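Structure first, commentary second.
What follows draws every value from the coordinates through simple rules; no lab data is involved. These figures come from a predicted structure and were not determined experimentally. Note: ideal-geometry Cβ built from the backbone for every residue, glycine included; neighbour counts use all protein chains shown.
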Amino acid sequence: MLPFSKLKFHLLPLLSIVLCSQMVLAQKKSTVVVWQPSHQTDTGVDFSEAQTCNTMVEAAMKKSPMKKEYKVWSLYEENLHHANVGSNTKLEHTSDVIEGKISGYAYEINKSNELKADVFISFHNNGGTKQHAIWGFIHEGDEYEKDNRELAARLTAAIASATDLTNKGVFGDSWPDRNDYRCKETGKRAFYSLDEQVNKAKYRVLLEIGDIGQSRDFLLNKKNLTKIGEAVKEALLIWLKEKGL
């Protein structure tokens, strides 16, 4: 048997390797995924966009394997304005403070930032398009635009493959050209939830799934909503693995 002094000398390299390995594992941050279902309830008689989108999000979150996932939702929260209605492209409904209260959208994005989201995925239903389809939206002008466009394309393709929704592709958030919320960096009309000046997640995608009128029966079928949530989760996991996240 080696003397203690020599044994100690031989163990030092092994101890260094173990400590370095533990430091690497400690430094490796778990990817945080934040889901944002629409909170809009003013979407017609016997139809709540908030509920259809929440059903999709819940299905995605339950789909294994589970990451570090959270939902941000202003519905039922108190002391907010526009907590269950409002447009993602309107100042009054997003960034404005009214009577000392922040908006439902601001509450959701603040929560996402507190959670230090890496990936942020928002679910909505479109309206007035007369198209049974799926659209992906990403923010224009920030350094992750290319990655976000790729992720959005993966998610819209996955939804179209799992359902009979037509894949209409990916658009920049200035494309709808509506209302008055603008990105301070580009000056273009934008979606508040996707603006990198507000939402600190690197990867940000908004999905407009189906049309409230054209796809009404489809969106009221829970099996369809579950399929969509699961398809999104599967496509996201593949994309995250490819990115090493």
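Among Thr156, Thr163, the order by Cβ neighbours within 10 angstrom, fewest to most, reads Thr163, Thr156. From the square roots a ≥ b ≥ c of the eigenvalues of the alpha-carbon gyration tensor of segment 32-243, which class results: rounded (a/c under 1.5), prolate (a/b over b/c), or oblate? Verdict is rounded for segment 32-243. Taken one residue at a time, the phi angles of segment 92-107 give Karplus couplings (6.51, -1.76, 1.60, θ = phi - 60°) of 4, 8, 10, 8, 5, 9, 10, 6, x, 10, 7, 7, x, 4, 5, 4 Hz. Gly and Pro are set to x. What does the charge add up to near Gln40, with Lys and Arg as +1, Asp and Glu as -1, over the other residues with Cβ less than 13 Å from its Cβ? With Lys, Arg at +1 and Asp, Glu at -1, the neighbours total -3. Simple rule: put +1 on each Lys or Arg Cβ and -1 on each Asp or Glu Cβ in the chain, find the dipole, and look at Thr55, Val34, Ser87; the Cα lying farthest toward the positive end is Val34.
List the aspartates and glutamates whose alpha-carbon lies under 15 Å from that of Lys71, not counting same-chain residues fewer than 8 positions away? Counting by Cα, and skipping residues close in sequence, Lys71 has these aspartates and glutamates nearby: Glu58, Glu108, Glu114, Asp118. Measuring between their Cα centroids, segment 164-215 and segment 26-61 lie 16 Å from each other.
Derived scalar couplings between HN and Hα for segment 131-143 equal 10, 8, 8, 10, 10, x, 10, 9, 7, 8, x, 10, 5 Hz in order, rounded to whole Hz, by the Karplus curve 6.51 cos²θ - 1.76 cosθ + 1.60 (θ = phi - 60°), x for Gly and Pro.
Tell me the GluC sites (Glu not before Pro) within segment 91-169 that lie in a loop according to DSSP and have at most 16 other beta-carbon atoms within 10 Å.
Values: sites: Glu92, Glu99, Glu108, Glu114, Glu140, Glu143, Glu145, Glu150; in loops: Glu99, Glu140, Glu143.
Hits after loop and neighbour filter: Glu99, Glu143.
Its relative contact order, with pairs defined as Cα atoms under 8 Å and 6+ residues apart, puts segment 32-243 at 27 percent.
Overall, segment 32-243 carries a charge dipole of about 640 debye about its Cα centre when +1 sits on the Cβ of Lys and Arg and -1 on the Cβ of Asp and Glu, all other atoms neutral.
Given charges of +1 on the Cβ of Lys and Arg and -1 on the Cβ of Asp and Glu, with all other atoms neutral, how large is the dipole of segment 128-245 about its Cα centre, in debye to the nearest 20? Each step should come with its number before you reach the end.
Numbers: 20 positive and 19 negative charges, 57 e Å.
It works out to roughly 280 debye.
Close amide H pairs (under 5 Å, H built 1.01 Å from N) link Phe171 with Gly136, Phe137, Ile138, residues at least 5 positions away or on another chain.
Within the listed set Gln197, Gln51, Gln40, the Gaussian network model of the chain (springs between alpha-carbon atoms below 10 Å) gives the highest mean-square fluctuation for Gln197. Across segment 161-174, computed HN-Hα scalar couplings (Karplus, 6.51 cos²θ - 1.76 cosθ + 1.60, θ = phi - 60°) run 5, 8, 9, 9, 6, 7, 7, 8, x, 10, 10, x, 6, 8 Hz from first to last residue, x flagging Gly and Pro. Can you give the angle from 0 to 90° between the axis of helix 222-243 and the longest principal axis of the chain, with both taken from C-alpha atoms, to the nearest 10? The two axes meet at around 40 degrees.
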